[in-house]
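Each remark here refers to the structure printed beneath this line.
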Amino acid sequence: MDLIEFTIKYLYTIDRQYSRVVNAFVDQLNFEFERLNFAYRVVAKEIVEITSKEEIVTIEEAIHTSPFNIKIHLNKALELYAKRPTGDYRNSIKESIADIPDRQTLHNTLFNNPSLMASFGYSNVSTRFTPS
């Protein structure tokens with residue numbers, strides 16, 4: 001896995017003109033991982049242990065649509081999560097929420113994103129949040 005991840009990162013850095021080829025390579029890897037029932041997928045140049053398409057879509061969407069300062073923390077969180085042999089989950093969580101200015105924003109981010117909530121196993125969220 002480390003060699004594949006290194007190859008993906010290297011291919012992205014050598015030249016942007018090959019991004020279509022690299023994207024096709026990543027898509028094919030993800031297809032094969034899914035076909036072979038591997039619990040891994042390539043997300044934002046990292047190989048991470050993920051099993052649902054909703055998780056992948058949510059992570060990629062958050063990274064691509066966030067402001068630059070938040071992208072930095074999300075990419076670092078993903079890198080820590082993907083660390084092998086075991087992910088650095090504690091620091092990954094810290095990085096994930098590092099640039100959220102207040103708890104109300106965190107609540108809005110989590111509870112107003114149905115696909116994110118579904119990835120945590122919540123089907124119907126009607127919790128009221130009052131920041132202290």
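A search for C-beta distances below 8 Å between a residue of the stretch 72-95 that is in contact (Cβ under 8 Å) with a residue 12 or more places away in the chain and any residue that is among the hydroxyl-bearing types (Ser, Thr, Tyr) and not in a helix (DSSP H, G or I), counting only pairs 6+ apart in sequence or on different chains, returns Leu74/Ser66.
Quick one: which of Glu46, Glu55, Glu34 is of a type in the set (Asp, Glu), out of contact with any helix residue (DSSP H, G or I) (no Cβ under 8 Å at 6 or more places or on another chain) and surrounded by 11 or more Cβ atoms within 10 Å (Cβ to Cβ)? Answer to the check: Glu34. Only residues that are surrounded by fewer than 17 Cβ atoms within 10 Å (Cβ to Cβ), touching a helix residue (DSSP H, G or I) at 6+ places or on another chain (Cβ under 7 Å) and of a type in the set (Phe, Trp, Tyr): list them for the stretch 58-91, please. Tyr89, the sole residue that qualifies.
Considered as a group, the residues in the stretch 1-31 that are surrounded by fewer than 16 Cβ atoms within 10 Å (Cβ to Cβ) and closer than 21 Å to Ala62 by Cα include one that is farthest from the chain's Cα centre (by Cα), and that residue is Ser19.
Regarding Ser96, is this residue surrounded by 16 or more Cβ atoms within 10 Å (Cβ to Cβ), modelled with pLDDT under 75 and of a type in the set (Ser, Thr, Tyr)? Explain how you work it out, then say what you get.
Details: surrounded by 16 or more Cβ atoms within 10 Å (Cβ to Cβ): yes; modelled with pLDDT under 75: yes; of a type in the set (Ser, Thr, Tyr): yes.
Considered against the rule, which asks whether it is surrounded by 16 or more Cβ atoms within 10 Å (Cβ to Cβ), modelled with pLDDT under 75 and of a type in the set (Ser, Thr, Tyr), Ser96 comes out as yes.
For the stretch 33-42, the count of residues that are within 18 Å of Leu78 (Cα to Cα), modelled with pLDDT under 85 and of a type in the set (A, V, I, L, M, F, W, C) is nonzero. What are the residues in the stretch 80-95 that are part of a helix (DSSP H, G or I) and farther than 15 Å from Tyr40 by Cβ, if any? The answer is Leu80, Tyr89, Arg90, Asn91, Ser92, Ile93, Lys94, Glu95.
The values are calculated or read from the model by the stated rules, or taken from the named source; none is laboratory data. What you are looking at is a predicted structure, and each value in this text was computed from that prediction instead of being measured. Methodologically, a virtual Cβ is constructed for each residue, glycine included, from the backbone with ideal geometry; neighbour enumeration extends over all protein chains shown.
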